[in-house]
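Accompanying notes for the structure given below.
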Amino acid sequence: MKVTGFSFVKNALIYDYPVVEAIKSILPICDEFIVAVGKSDDETLALIQGIDPKKITIVETEWDESLREGGQVLAAETEKAFAAVSADSDWAFYIQGDEVVHEKYLSTIKRAMEEYKDVKELDGLLFNYSHFYGSYDYIGASESWYSNEIRIIKKDKSIYSYKDAQGFRKGENEKLKVVPIDAYIFHYGWVKEPTAMQKKQENFNKLWHDDEWIERNIIKAEEFDYARDLRELVLYKDTHPEVMKGRIKSKNWKFKHDISLNKKRLKDKLKSFLKIFFGIDTSYKNYEILKLPYTIKNKFNA
């Protein structure tokens, strides 16, 4: 079985992305790794070059700033990395620059890839998500956070990055058929030094919106205020990935939240009510769960 990791990045230092940690977190179960490195205003290229030259192939790119609507440029950059994945790879493991996998899940992930690689109807593997917010001590608990997404896909030319690169589709806008696995992606995109987070808010939204929208909706400030528009959070009491230990130790800002003051929006209350009492899940799903034959499920769960 051959596994290729792939990702994209630009201005990782300016916006404080844990991209080195992201890549290192899945590198042990990848035979090779492709990174599309956009022309940056910092030393992002050197940063990626210093990780593992034997395993990592860098594709130097220039972002098309005209692809401003809906984050299309992110999908375009993902496609550049995916296109460089070796044709003989069984799986392509996608990781974004603010996502990290805990080492405790690597054996589960590898086993799933081994067991499912020859299931022709299957397009990918579905992960659970934990979204950290404000600091490494809190996880977002509102219904607005997505709880699952595809991060491992077959090396199939019909598969492509979808919309703003959160997920994938194939053919004529067809959802991928996936199986869920018992592994989490730790999303640290909302845990940054407040100055870096403010820069990200002011600049990254330009990939989705025009200047008028930015001027109207993005507050200009020196630092991002994590308490603004705060919703539900829960305390995280487990361990973080080993690769994150240094970053967490060097954290130089404080964020505290009294979880007893959690705010639940009416929309979230309705979603929770439907899910708990009627089993109706109204959350958006960019995938289809593949119903596997009993023999395959039994083999995997044995």
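Values in this text are rule-based calculations from the coordinates and carry no lab data. What you see is a predicted model, and the numbers here were worked out from it, not measured in a lab. Reconstructed Cβ throughout: ideal geometry from the backbone, glycine too, with neighbour counts over all protein chains shown.
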Which residues, counting only those in segment 114-129, are surrounded by 18 or more Cβ atoms within 10 Å (Cβ to Cβ) and more than 21 Å from HIS187 (Cα to Cα)? TYR116, LEU122, ASP123
So which helices (runs of 4 or more DSSP H) are wholly in segment 37-125 and hold at least 3 residues that are more than 19 Å from LYS154 (Cα to Cα) and touching a residue at least 24 places away in the same chain (Cβ under 8 Å)? 44-49, 72-83
Out of all the residues in segment 9-21, is one or more in a helix (DSSP H, G or I), within 27 Å of SER250 (Cα to Cα) and more than 15 Å from the chain's Cα centre (by Cα)? no
Consider only pairs whose beta carbons are under 6 Å apart and that are at least six residues apart or on different chains; among these, list those whose first residue lies in segment 190-206 and is at negative phi and whose second residue is assigned to a helix (DSSP H, G or I) and surrounded by 15 or more Cβ atoms within 10 Å (Cβ to Cβ). ASN205/ILE214
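Would you check if ASP16 is at positive phi, touching a helix residue (DSSP H, G or I) at 6+ places or on another chain (Cβ under 8 Å) and surrounded by fewer than 23 Cβ atoms within 10 Å (Cβ to Cβ)?
Considered against the rule, which asks whether it is at positive phi, touching a helix residue (DSSP H, G or I) at 6+ places or on another chain (Cβ under 8 Å) and surrounded by fewer than 23 Cβ atoms within 10 Å (Cβ to Cβ), ASP16 comes out as yes.
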Among the residues in segment 68-79, are any of a type in the set (S, T, N, Q), in contact with a helix residue (DSSP H, G or I) (Cβ under 9 Å, 6 or more places away or on another chain), more than 26 Å from THR239 (Cβ to Cβ) and surrounded by fewer than 18 Cβ atoms within 10 Å (Cβ to Cβ)? no
